[in-house]
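Chemist: Attaching a single structure in structure tokens format; questions to follow.
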Amino acid sequence: MNAKEYIRYLLSIENYSFSLDEIAKETAGSSNSLKFELLRLSEKGEIVNLRKGFYLIITPRYSSAKKLPIQLYCEKLFKYLNRNYYVSLFSAAKFHGASHQQVQRDYLITEQPKFNDISKKNIDIRFFTTRNWADKNIQQKKSDAGVFKISSPALTIVDLIHYQTKLGGINRVLATIEELTEELTKHDLAELLSWYPNKSTLQRFGFLLEELGAEEEFREMIYSELKVKNFFPVLLSPKSKEKPGAVDNRWKVDVNVKLESDL
């Protein structure tokens, strides 16, 4: 079969992406003829070269957007890259029903080293990395293309707090955190507390839950975990040239920014 026929076959089994190696094995002809055919399909907007050697198939349903929802290809992309990942931050929040922030960008967290962000045509993907990879609090959800990995509500909240300075600040993420607290469960939070290493983020988490009036049980779970360790004053909104001063709350959080949720 040729490239167009193979792409038609992939769509028949609800597979919306392919690698160059994969399609080369399944099609006849030379590598040059295949590259020319892929270039022609790309120029017609039927496929997009997402990363070197990895393509997305743009179906008629998504032709006006000129992009695919991240859940239709992220699992296959990261198998191709041989790297752990999960859909995260505002993207994960949207799947958990916290869609206050209408963002067009997709957010993924991966193991180190960091991937370059992808920005081409209508596709905008931002990658973050973590040194503390754990398979806990990573859920599997189903899409038309199969399963994909996503951070649980608890992990999504701490990631939003941890990466706040790269996302526009604490007030940009606050409304999303507030919505996510409605999806938080005791099991999810207990699992997070069993491994999550960043004490300063947990301090901010507990403080925000108190400010937002979240369930007392959740706040006490976090505080019980913190109080058996030494924890020190932290800024609510980290700033490189500012150090925490006097604190008047049990979380030892210096509230250096006025909280303004726009919910």
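Chemist: Given (1) assigned to a loop (DSSP other than H, G, I, E, B); (2) over 16 Å from Thr165 (Cα atoms), identify the lone condition not met by Ile222.
Modeler: It is condition (1) that Ile222 fails.
Chemist: Could you give every pair whose Cβ atoms fall below 7 Å, whose first residue belongs to the stretch 154-183 and is free of Cβ contacts under 8 Å to residues at least 40 places away in the same chain, and whose second residue is among the charged types (D, E, K, R) and surrounded by 18 or more Cβ atoms within 10 Å (Cβ to Cβ), counting only separations of at least 6 or pairs across chains?
Modeler: Ala154/Asp188
Chemist: I'd like the residue in the stretch 17-66 that is assigned to a helix (DSSP H, G or I) and aromatic (Phe, Trp, Tyr) and, out of all such residues, is farthest from Ala3 (Cα to Cα).
Modeler: Applying the filter and picking the extreme gives Tyr62.
Chemist: Return the pairs, sorted by first residue and then second, in which the second residue is of a type in the set (Gly, Ala, Ser) and assigned to a helix (DSSP H, G or I), the first residue lies in the stretch 14-32 and is within 18 Å of Tyr73 (Cβ to Cβ) and outside the structural domain of Cys74 (by TED's automatic domain parsing), the beta carbons are less than 7 Å apart, and the residues are 6+ apart or on different chains.
Modeler: Ile23/Ala3
Chemist: Mind listing just one residue for me: the one in the stretch 163-190 that is closer than 11 Å to Ser261 by Cβ and among the hydrophobic types (A, V, I, L, M, F, W, C) and, of those, surrounded by the fewest Cβ atoms within 10 Å (Cβ to Cβ)?
Modeler: By that ranking, first place goes to Ala175.
Chemist: Quickly run through the stretch 133-179 and pick out the residues that are part of a strand (DSSP E or B) and at negative phi.
Modeler: Residues satisfying the conditions are Ile138, Gln139, Gln140, Lys141, Lys142, Ser143, Val147, Phe148, Lys149, Ile150, Ser151.
Chemist: Which residues, counting only those in the stretch 92-132, are part of a strand (DSSP E or B) and out of contact with any helix residue (DSSP H, G or I) (no Cβ under 8 Å at 6 or more places or on another chain)?
Modeler: Of everything in the stretch 92-132, those that are part of a strand (DSSP E or B) and out of contact with any helix residue (DSSP H, G or I) (no Cβ under 8 Å at 6 or more places or on another chain) turn out to be Glu111, Ile118, Ser119, Lys120, Ile123, Asp124, Arg126, Phe127, Thr129, Thr130.
Chemist: Right, next: Of the numbered conditions (1) surrounded by fewer than 19 Cβ atoms within 10 Å (Cβ to Cβ); (2) without any contact (Cβ under 8 Å) to a residue 40 or more places away in the chain; (3) not acidic (Asp, Glu); (4) not assigned by TED's automatic domain parsing to the domain that holds Glu179, Phe54 fails exactly one; give the number of that condition.
Modeler: (1)
Chemist: Only one of Phe148, Phe218 is touching a Ser or Thr at 6+ places or on another chain (Cβ under 9 Å), aromatic (Phe, Trp, Tyr), assigned by TED's automatic domain parsing to the domain that holds Tyr85 and more than 20 Å from Glu260 (Cα to Cα); which?
Modeler: Step by step, each of Phe148, Phe218 is checked, and only Phe218 is touching a Ser or Thr at 6+ places or on another chain (Cβ under 9 Å), aromatic (Phe, Trp, Tyr), assigned by TED's automatic domain parsing to the domain that holds Tyr85 and more than 20 Å from Glu260 (Cα to Cα).
Chemist: Pick from the stretch 12-35 the residues that are surrounded by 12 or more Cβ atoms within 10 Å (Cβ to Cβ) and of a type in the set (A, V, I, L, M): which of them is nearest to Gly53 (Cα to Cα)?
Modeler: It comes out as Leu20.
Chemist: Something else: If Leu235 meets every condition in (1) surrounded by 16 or more Cβ atoms within 10 Å (Cβ to Cβ); (2) in contact with a Pro (Cβ under 9 Å, 6 or more places away or on another chain); (3) closer than 26 Å to Ser91 by Cβ; (4) not basic (Lys, Arg) apart from one, which number is that one?
Modeler: Status for Leu235: all satisfied but (3).
The values are calculated or read from the model by the stated rules, or taken from the named source; none is laboratory data. Being a predicted model, the structure only gives us computed values, none of them experimental. A quick note on method: Cβ atoms are made from the backbone with ideal geometry, for glycine too, and the neighbour counts reach across all protein chains shown.
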